[in-house]
Amino acid sequence: MEATSDLLQDFSALTAKKQLAEIPALVNQGELGFKCLREYLLSQEDKEPTPVTGRIIQVLNQHQTSDNLLFLQQEFPEGVVELTSTRGVDYQEIQDKLIEEDFLEADLLTVRKMWELAGESAVKRKWLYFTEVERFPAHDLYMIDLLWRVYSGGKFGFSVQRKIWLSLGKNFNSLWDKIAWRNGRSFARYPKEFTWSLDAPQGHLPTTNQLRGTKVILALFQHPAWQKKD
């Protein structure tokens, strides 16, 4: 059996895609594998959170051994994403639910936090004007997107959906089909016809179907927040 240091060295040398694929094998090794994952997280603590570190947090949270629980409580009590907001919106609830892989609740919270970001009027009416989305601070929109990307293996997030949309020539009808928001001529009914797990197609979450029409999602995709990423 390999020592933890050997496992950690081998794991660290892999690409992100291969690391994500290797995590279940480490879990199957029990405490030796968990120790490797914990040490890898510590080695990445001062770096930008990634889908790999997010997935490790989820796995340690799933397998609540005494060592894993103590580690999470002491080292990552709030997750791997350090949350900030230019408008004082608290996104920790979204992070908590994503760590638990409660993607439906995280989706609902995402919409509510976007109302908060837009202001009191949006909170009261419980939907958004596309003009409000256009005025979202780039930092906050990036923060929400980062949470979804980090805790989905890079599968979910507004930027992921936008990338697919661009690859399809900015065709929304093609996008709905590609991310399984529509089957034939029928749109998926919320929430029962959506897939609330990592088995969902690339870009399936978060949803914006409850944000009314295409104007809101178009405003999201055209937001300056993504210009630095292009």
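Using the alpha-carbon centroid of each, what span in Å lies between the stretch 7-86 and the stretch 141-176?
24 Å
Among Ser197, Ser152, Ser85, Ser159, rank each residue by its count of other Cβ atoms within 10 Å, from fewest to most, as a rough exposure measure.
Ordered from fewest to most neighbouring Cβ atoms within 10 Å, Ser197, Ser152, Ser85, Ser159 come out as Ser197, Ser85, Ser159, Ser152.
Pick out, in residue order, every one of the trypsin sites (Lys or Arg not before Pro) in the stretch 16-85 that is DSSP loop and has at most 14 other C-beta atoms within 10 Å; say none if there are none.
Numbers: sites: Lys17, Lys18, Lys35, Arg38, Lys47, Arg55; in loops: Lys47.
For trypsin sites (Lys or Arg not before Pro) across the stretch 16-85 that sit outside H, G, I, E and B with at most 14 neighbouring Cβ atoms in 10 Å, the list reads Lys47.
Give the angle, between 0 and 90 degrees and rounded to the nearest 10, that separates the Cα long axis of helix 103-118 from the longest principal axis of the Cα atoms of the chain.
The answer is roughly 50 degrees.
First obtain the Kirkwood hydrodynamic radius of the chain from its Cα pairs, then insert it into the Stokes-Einstein equation at 10 °C and 1.306 mPa s, and state the resulting D in µm² per second as a whole number.
Roughly 85 µm²/s, to the nearest whole number.
Test of understanding: ordering Tyr91, Tyr190, Tyr129 by Cβ neighbours within 10 Å, fewest first, what list do you get? If you can, show how the numbers build up before the last one.
Numbers: Tyr91 21, Tyr190 14, Tyr129 17.
Neighbour counts put them in this order, fewest first: Tyr190, Tyr129, Tyr91.
Using Cα pairs closer than 8 Å and at least 6 residues apart in sequence, work out the relative contact order for the stretch 92-229, in percent.
Numbers: 144 pairs, mean separation 41.3, N = 138.
Relative contact order comes out at 30 percent.
Rounded if a/c is under 1.5, else prolate if a/b beats b/c, else oblate: with a ≥ b ≥ c from the C-alpha gyration tensor eigenvalues square-rooted, which is the stretch 92-229?
rounded
Taking the Cβ-Cβ separation of Val27 and Glu82 as r and a Förster radius of 30 Å, what is the calculated FRET efficiency to the nearest 0.05? Mind dumping the intermediate values first?
Working: r = 26 Å, r/R0 = 0.86.
The value I calculate is 0.70.
Mind giving me the FRET efficiency for Trp127 and Gln73? R0 is 30 Å, r the Cβ-Cβ distance, nearest 0.05 is fine.
After rounding, the FRET efficiency stands at 0.20.
Bear in mind that the values in this text are calculations on the coordinates, not laboratory data. Since this is a predicted model, take the numbers as computed values, not measurements. Every residue, glycine among them, receives a Cβ derived from its backbone with ideal geometry; neighbour counts consider all protein chains shown.
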